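Heads up, the thing below is written out as C-alpha cells.
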Amino acid sequence: MATEWHSISEDELHLFINKIQDRFAGQSVSCVESTGFVPATGAFVPIDSRENAEALFLSDVVVLVCRRRLKSYEEALAGDFAQGCFVSAESKTADIEKKLISGVHGPKECIFVEVQ
Amino acid sequence: MSKFNENVFKATNLTVRKRAKLFRERGLDALRDGAVTKRKASLDEAARFWEIAAKRFRENGIEVFFADTVASANGFISEHLGGARLIVKGKSLTTEEMELRQVLEREGREVVETDLGEWIIQQRNELPSHFTAPAIHLSAGDVAEMINRKFGENLPADASALTGFVRRKLREKFRNADAGIIGANMVCADPATVVSVSNEGNVSLSARLPEKLFIVTGWDRIYDSVDGIEGVQRLLTGSATAQEFTSYIDFFRKPLPGQQVFLVVLDNGRKALMESSFSEGARCIRCGACLNICPVYQEVGGHTFGKVYHGGIGALLTEFTGRKQDASAIASYCLRCKSCEPACPMGVPIADLVAGLSESYPLPLYLSLPLKWMGRRPAVQVGRQREPANVNDGQKRPKVFDSPSSSARHHASPSFAVFMGCAFRTPLMKRERKAIEAAVFHYFPGAEILDSGCCGMPHYFKGRLSAAKELLEAIGRRFEPFDRVLLPCSSGFAYLRENFGGKIQLLSMVLAEKIDKINPDTAVFYHQPCHLKTGQGKDEKKVLSRVISFSDWENEARCCGSGGTYFVQHPLISKKILFRKEPGLPERFTVVTSCPSCLLQLRRIFGRERVRHPADMMVSFSEEGGGQ
Ligand code: SF4
Ligand code: SF4
C-alpha cells in the first residue's frame, strides 16, 4: 500500500511514528503536520520554508498528521499561507505504458494519521 | 515509422474506461455546469481579474510580467534568470508553445525536464504527443532502448526500473538547480493564488528547492476567486488522468524566505481567441479527455494529429497561438465526428469550432466538387407520396412493399413531412430508399416526402459555411408549414435538430413506436452514429429496442471512421478506425445503423447484407409488413 489511512489517539502518536520508522528501517521517514484534512481524501500542508518542502517531498516515506477535519480543501484556502500543498497520495506516475509506479521523485509511501 | 501507434490506442482506451468509471461512481458530471459558469464568468472579465491578481501578487512580493508575445516572455525569463546555469522544469504546454527550453539551451544553460514523460521526450528530441501524457506514444521497450543507449545502462523494459533510474538521476538536479520553471493550471484573483496539479512531486520540488521560481501561464488561466476551484480541479484531473485528486495540488501566494518568484502571463493570441467567434475554445483547460476519446487521435497520436497542441482543439489553439499552416494541417485530420464533445468537461463544441475554422482553409478538389454537386440542386423538391415502386430485385420482400393499400395503414398526423436528404438518392442506397418510401407510405399516409435536397451538413463541417447557411435557409422555409419533419438519416437529423429544434425527428424512432417486436433471423447489433452521442436523439437504441432485441457489442459506440468524406481524405486512417469495429461479432449477425455514411462504411468490412438501416430492418421483419 503506497497510501494508507490510520486513525489513532493523541497518546498513541509517538508510538505509531516509532513503528513506522521500524517498518521502513533504512529509508528516510519524515513526519509533517497538516492544518486540515478531508477524510479518506487528503491533507493540506502549508509550506513556509525550503526545509518544509524537503520534508514533504524528498523523504522516502511521509507521515501526515491530521487533526482538523475539512469538508473540502477550499476551506484551507481561506487561511493565510505563503505556499501550500494538498497531498492525497504518494508521488506516482503512469507515464510509461500507463503502469502505475509509486515514488517517482517524492515519497514512495504516504501515510495519513488521523489523530482523534 | 508507421503513422499508426498501438501504444496510443491502448493507453487512451484504458484512460477512457477509467475516466468513465470515475465519473459514474463519483458523480463528477454534476460539477460541470458550475465549473463552466465559473470559467465563463472569469474569462468574460479576464482583464479585470488579472489586474486584481497582479496587484495582490505584487503586494505579496511576486513579480508579475504580462507578455504580449513569445519573444517578450522568453526575453523576460532569460533576463531574470541572470547567471542561472541549471534549471529544473515542470511540464507546461505554454512553455512548449514558447519553445522556452530550446531558447534557454541555446544560451548555454542546462534545462532539465523533470516530469517523467517530458524527460523521456526531451532525451529523444521530440515534442510531447499528448496534453497530459507526453510520452504516450512510447512503449517501455522504447524508453529502455533510449536510456540504455544514451546512458550506457542495461535496464529491462520495465516501467518500475526505468522510473527508478530517472528518480536517481534527477535527485541531484533538484538539489543543485539555480532556478525552477513550472506551469500553472489556474490563477485565482481573490485571494491571489496560483494552482498547479501534479502527481510526481516534480512540480513541488522544481518550485521550492531552487532560489528562483518562474511560473509561466497563459492569459486564459485566470479565475475570479478560489471559491469553486475545487470543482474545476476535480473535473480537470478526473478528465485528464481519471483521478478525482492528483497526489499533489500546489498553491503559491508568496515567495518562501530567500526565494524570488516571477509570474509570467503570456497572451500570444489568447486575447484574440477570447474576443473571436471561437471564444468557446478559450474555456479549454487542456485536460486531454477529447484526445483520449478521439478515434483519429487513438490511431495516429499527437505527432500526426497536432504539434504543440493536439486534436481538434489543437487545431484551434494552433490557429491563434501558432502557425496557420500547422492549424490547417491539424484540422484536416479531424473527422468532425463530435465523439470528443461529450467528454469535454468545459462543454467546448470542438467539431463546430473546427468546422468554423476550416472556412478559411482551402479544400482539395476531390472534396469541393462533391460538395458543389450536393448543394447544386434546390434544397428541397416536394413530392406527394407515390406508391412504392415494385421492388423487383429478386429478393424476398415483406408484404408492405407490395400491398400499399393494406387495411393496416395508419392515419398520419396532419402537417407531417419526411425529408429524405441527399444520401438516400444515391444508387448505393436504392434498397434503403425503397424501404423508407414503403414505410412512409404504409405508416404515415398523407405525409409529404420532401425529396432530393441536401441539408448542408457536409458543407458546414467542411467549413463551407455560407453554402451551408443557404441550404439551411431554403430548408427552413420549406419546413415551415409542417409540425413535424422526419429524417431517415441520423446525422442530418442531429444537425437539423440543432437548428430547428424538436419538430425535427428521427424516422427510425417514430417508426419504432408503430411497429411490434420483430424476430430477425440473426443476432442484431446497434452501431451508434457519432453525431447522436452529443445529446440529440442519443436514446435511439433505447427506442428501437422496443422493436429489435439488440445483442451487446462492446464496439457499439466506437466510431466507424466514415466521417462523410473522411475515407476519401484520409483513407488509411479511416480504414484503421473501421477495423476496430470488427471484434466481438458472431458468425451470423446484422448491424443496424441509421446514418447512411456509417452504413456504407460498415459494409466495406461486413458486406451489404449484414448492415441495414433500422427502417429497412423493421419494415422487412414486421408481422404487419409480412415478415420474412
Ligand atoms: S470531432 Fe472527432 S475527429 Fe475531431 S477532434 Fe473530435 S473526436 Fe477527434
Ligand atoms: S477541449 Fe475540452 S476535453 Fe479537450 S482538452 Fe480542452 S477542456 Fe479538455
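The values are calculated or read from the model by the stated rules, or taken from the named source; none is laboratory data. Predicted, not measured: the structure shown is a model, and the values here were computed from it. Neighbour counts run over all protein chains shown; Cβ positions are idealised from the backbone, glycine included.
Note on region B:479-494: residues that are in contact (Cβ under 8 Å) with a residue 12 or more places away in the chain and surrounded by fewer than 24 Cβ atoms within 10 Å (Cβ to Cβ) total 5. Determine, yes or no, whether B:PHE525 is crowded, with 21+ Cβ neighbours inside 10 Å, at pLDDT 95 or above and not hydroxyl-bearing (Ser, Thr, Tyr). Yes: the conditions hold for B:PHE525. If you take the residues of region B:206-250 that are surrounded by fewer than 23 Cβ atoms within 10 Å (Cβ to Cβ) and assigned to a strand (DSSP E or B), which of them is nearest to the other protein chains (Cβ to nearest Cβ)? This residue is B:SER225.
For region B:132-153, the criterion of being within 30 Å of B:ALA47 (Cα to Cα) and under 30 Å from the mean Cα position of the chain (by Cα) is met by at least one residue. Of the residues B:THR241, B:THR237, the single one that is in the same structural domain as B:ALA46 (by TED's automatic domain parsing), of a type in the set (S, T, N, Q) and touching a helix residue (DSSP H, G or I) at 6+ places or on another chain (Cβ under 8 Å) is B:THR241. Within the bounds of region B:127-135, is there any residue that is out of contact with any Lys or Arg (no Cβ under 9 Å at 6 or more places or on another chain), within 13 Å of chain A (Cβ to nearest Cβ) and either within 23 Å of B:GLY201 (Cα to Cα) or of a type in the set (Gly, Ala, Ser) (or both)? Looking for residues that are out of contact with any Lys or Arg (no Cβ under 9 Å at 6 or more places or on another chain), within 13 Å of chain A (Cβ to nearest Cβ) and either within 23 Å of B:GLY201 (Cα to Cα) or of a type in the set (Gly, Ala, Ser) (or both), one finds at least one in region B:127-135, hence yes. Once region B:296-329 is narrowed to residues that are in contact with a Ser or Thr (Cβ under 6 Å, 6 or more places away or on another chain) and within 12 Å of ligand 1 (Cβ to nearest atom), the residue that is farthest from the other protein chains (Cβ to nearest Cβ) is B:TYR309.
Between B:GLU63, B:GLU145, which is closer than 27 Å to B:LEU266 by Cα and either touching a Ser or Thr at 6+ places or on another chain (Cβ under 8 Å) or in the same structural domain as B:THR237 (by TED's automatic domain parsing) (or both)? Reasoning before the result, please.
Values: B:GLU145 fails: closer than 27 Å to B:LEU266 by Cα.
The conditions single out B:GLU63.
Within region B:154-177, restricting attention to residues that are farther than 21 Å from A:GLY106 by Cα and surrounded by 15 or more Cβ atoms within 10 Å (Cβ to Cβ), which residue is nearest to the other protein chains (Cβ to nearest Cβ)? So the residue we want is B:ALA157.
Within region B:613-623, the set of residues being surrounded by fewer than 24 Cβ atoms within 10 Å (Cβ to Cβ) and modelled with pLDDT of 95 or more is empty.
Considering only region B:278-289, state which residues are within 6 Å of ligand 2 (Cβ to nearest atom) and either within 16 Å of B:ALA355 (Cα to Cα) or not in a helix (DSSP H, G or I) (or both).
Taking region B:278-289 and keeping what is within 6 Å of ligand 2 (Cβ to nearest atom), we get B:284-289.
Result: B:CYS284, B:ILE285, B:ARG286, B:CYS287, B:GLY288.
Is there a residue being over 18 Å from B:HIS310 (Cβ atoms) and more than 14 Å from ligand 1 (Cβ to nearest atom) anywhere in region B:338-351? Looking through region B:338-351, none of the residues is over 18 Å from B:HIS310 (Cβ atoms) and more than 14 Å from ligand 1 (Cβ to nearest atom). Being of a type in the set (Asp, Glu), outside any strand (DSSP E or B), at the interface with chain B (Cβ under 9 Å from one of its Cβ atoms) and out of contact with any His (no Cβ under 7 Å at 6 or more places or on another chain) is not true of A:GLU51.
To keep it simple, each residue is scored yes or no on (1) away from ligand 2 (no atom under 15 Å from the Cβ); (2) at pLDDT 95 or above; (3) polar (S, T, N, Q); (4) in the same structural domain as B:SER597 (by TED's automatic domain parsing).
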{"position": "B:HIS310", "(1), (2), (3), (4)": "no, yes, no, no"}
{"position": "B:GLU319", "(1), (2), (3), (4)": "no, yes, no, no"}
{"position": "B:PRO345", "(1), (2), (3), (4)": "no, yes, no, no"}
{"position": "B:LEU353", "(1), (2), (3), (4)": "no, yes, no, no"}
{"position": "B:GLU359", "(1), (2), (3), (4)": "yes, no, no, no"}
{"position": "B:PRO362", "(1), (2), (3), (4)": "yes, no, no, no"}
{"position": "B:LEU371", "(1), (2), (3), (4)": "yes, no, no, yes"}
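The single condition from (1) within 32 Å of the chain's Cα centre (by Cα); (2) within 10 Å of chain A (Cβ to nearest Cβ) that B:GLY183 fails is (2).
Taking region A:75-102 as the range and being more than 7 Å from chain B (Cβ to nearest Cβ), under 18 Å from B:PHE245 (Cβ atoms) and in contact (Cβ under 8 Å) with a residue 24 or more places away in the chain as the test, the residues that pass are A:GLU75, A:ALA76, A:SER102.
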